[in-house]
Amino acid sequence: MLLLFTILLIFILLSRIVETSTKIPSTLTLIILSFLLSFLFPNTLSISPEEFDEILYLMLPVILLPDILNISMNELKKNYKEILYLAVIAVVISITIAVFVTPFILPEHQFTIGMLIALFSMLMATDAITVASIMSKFKLPEKLKIYAESESLFNDVTALIIFYFIAIPMISGGSVTVLDINLTLLKVLFLSVTIGIFIAYIGYYAIKVLKNSFDQFLVIYLVVIVSFMTAEHFKIAGILSIVTSVLAFKYLVKKELSKNNLSGGNKIDNEDLQSSILNLIKKVPALSKKDFREYKKESEYIGIFANAIVFIIVANIINFELILKYSFEIIAVFILTSLIRVMAIGAMIVKMKLPLRWVSALTFSGAKGALAIIMVHSLPENFIYKEMFDAIVVGNVLLTTFLYTVSLMYHIKRNEEKYKLDLQASGSMDENQIAMNLVELIEKDPQTGAFTQSFIEEIIEKELQRAQRYKTEFSLVMINLNSQEGKTYETVGKIISSKIRVNDFFGRFENGNLIILTSNTSLSGAMILAEKLNEIFKSDPDIVQSSNPMFGITQSGDTDNIKSIMEKLYDALNKIKNKQTRGNIEIEA
């Protein structure tokens with residue numbers, strides 16, 4: 001067991017090194033390394049289908065947690081129509097088309113409608129584990145990533161409901177009417193959502209009592225695991241319960257954080273001490289924003305480990321003899337499902353008048369994963385096509401994981417400049433810009449027109465979260481004027497406000513330093529802005545006479561937080577002050 005654990009850590013480390021240096025998603029490297037391990041040392045890791053299902057059920061809540069934590073309710077509200085189409089309507093339509101077409105391309109097999117519904121309900125839904133792992137590695141527009149990630153989370157629910165409550169009864173010889181289907185769907189949806197919300201409330205009140213950060217972290221995981229186990233116990237949609245519980249938990253915590261920000265924190269007075277325990281608990285603050293951010297980051301680390309376990313065991317249950325035996329069926333189904341996916345996604349993209357290149361990006365983000373393998377293992381043992389369906393599903397998992405990922409990387413590389421334009425266009429009016437408009441009157445320094453320190457720090461934190469999630473970039477320019485004259489700050493503030501873009505942010509710190517946050521901009525772009533401002537300042541006699549402006553520049557990194565960002569900016573300014581560099585502009589990467 002210690003040897004296996006060591007091998008697992010080595011594989012994770014190697015896959016992360018490859019990912020960092022080449023941007024090849026770690027999932028591909030993990031599967032390749034696991035293939036080599038199982039081929040060279042077949043007795044090192046032996047996993048049966050039953051053990052695979054148990055391990056995946058154990059890992060599933062842990063893997064999904066960080067992805068759901070990073071999806072905001074605002075994003076879901078803004079894009080609910082598209083998500084509903086991709087996660088429900090497109091899945092149902094795609095399965096219907098596949099059921100109709102398959103008898104013409106595989107006429108030698110006597111498939112019933114129930115059998116075909118079972119096969120394609122396993123294959124039409126994208127896998128949240130794979131999609132999140134792949135999409136997070138590329139710089140793409142936020143809306144595009146929201147579509148892919150939200151689809152992969154919610155269409156699993158649609159596929160599972162169709163598979164377990166429609167296809168399996170039909171395969172087993174039972175009769176399924178339209179009324180039965182509607183009643184089943186309503187029951188599954190209602191119970192899954194109710195369980196998720198109920199357990200979210202229990203977890204929310206638990207973290208109000210358990211103030212130790214480690215205890216709170218355990219509670220967050222228990223919310224996910226218990227909601228999943230409860231839903232699975234009642235034979236309903238466990239993944240839907242996971243999604244509901246995390247979203248409800250996030251809503252409760254963020255609602256309290258907003259309330260605390262407005263009121264300055266909850267205070268417990270003597271009357272509260274005499275009230276009921278429930279009322280007392282309600283008065284106790286839950287998490288701080290800092291704690292919540294830390295928990296999200298820690299959950300991502302644990303998710304990486306769990307994700308590695310899943311892909312390693314996937315590689316060890318593959319039977320290549322079966323895949324070769326049914327190679328024609330695997331390729332035929334792969335081509336059919338790919339074409340149907342292109343048509344379903346293309347219809348939405350054309351309707352919404354979005355760039356056609358998004359069709360390719362969303363199509364290639366449709367990799368199948370371990371959940372499809374669990375579903376095929378759930379087919380009845382006496383099912384006549386169980387061996388073939390097993391080979392088709394596993395073969396399509398491999399084909400989509402490798403071919404789709406390689407195609408996605410090639411597509412993004414080929415259209416890199418166009419996606420940069422998409423990023424800039426989508427960033428012109430994001431949540432930060434809306435927030436800026438709402439608080440403009442009360443959050444601005446009257447002298448410079450810049451945002452106050454507390455507000456600009458909040459913006460930097462949000463941009464860091466956005467950059468780390470969507471793999472975008474932004475840079476910051478800090479300006480030290482070395483002046484006590486209010487007129488100088490007023491002049492400089494007007495110049496900066498006239499030269500920055502609509503989606504950039506301009507703030508002032510209490511020590512007099514000014515800061516510019518440039519969205520979707522590299523170091524070179526920030527350097528160009530600093531040089532342009534420097535030339536303007538030099539041409540103004542009042543600024544030259546009263547001040548010697550200095551510019552510190554840095555760029556956000558994957559592991560940065562606001563503290564490290566500010567340290568880099570001050571280090572750059574200190575190099576200029578201590579004359580460790582020539583000129584008055586310094587970059588600290």
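Over the stretch 484-528, all Cα pairs binned in 5 Å intervals from 0 give whole-percent P(r) values of 5, 19, 29, 24, 14, 8, 2, listed from short to long. Helical runs assigned H by DSSP (4 residues or longer) give the chain a calculated mean residue ellipticity at 222 nm of -22500 deg cm²/dmol, each run adding -39500 (n - 2.57) before division by the residue total.
Quick one: if the Förster radius is 25 Å, what FRET efficiency do residue 567 and residue 484 give, using the C-beta to C-beta distance and rounding to 0.05? Working from the Cβ atoms, E equals 0.50. Contact order for the chain, expressed relative to its length and based on alpha carbon pairs under 8 Å spaced 6+ residues apart, stands at 15 percent. For the chain, the longest principal axis of the alpha carbon atoms and the long axis of helix 2-22 meet at an angle near 60°. Full extension of the segment from residue 302 to residue 40, taken as 0.36 nm per residue of separation minus the current Cα-Cα distance, would add 91.5 nm. For the chain, list log₁₀ I(q)/I(0) at each q in 0.06, 0.12 Å⁻¹, using the Debye formula over Cα point scatterers of equal strength and ignoring solvent, two decimals each. The Cα Debye sum returns log10 ratios of -0.37, -1.24. Cross-link pairs exceeding 31 Å between alpha carbons, from the set 418/462; 351/499; 538/579; 353/471; 420/575: 351/499; 420/575. In order along the stretch 348-360, the Karplus-derived 3J(HN,Hα) couplings, from 6.51 cos²θ - 1.76 cosθ + 1.60 at θ = phi - 60°, round to 5, 5, 5, 4, 8, 6, 8, x, 5, 4, 5, 4, 5 Hz, and Gly and Pro are given as x.
For the stretch 548-589, the relative contact order is 53 percent, taking Cα pairs closer than 8 Å that sit 6 or more residues apart in sequence and dividing their mean separation by the residue count.
Annotation: amide H of residue 126 has no partner in the under-5 Å range at sequence separation 5 or more or interchain, hydrogens built in the peptide plane. Distances between placed amide hydrogens fall under 5 Å for residue 237 paired with 192, all partners being 5 or more residues away or on another chain.
Just so you know, all these numbers are worked out from the coordinates, no wet-lab data involved. None of these values were measured; they are calculated from a predicted model. Cβ atoms come from the backbone with ideal geometry, glycine included; neighbour counts cover every protein chain shown.
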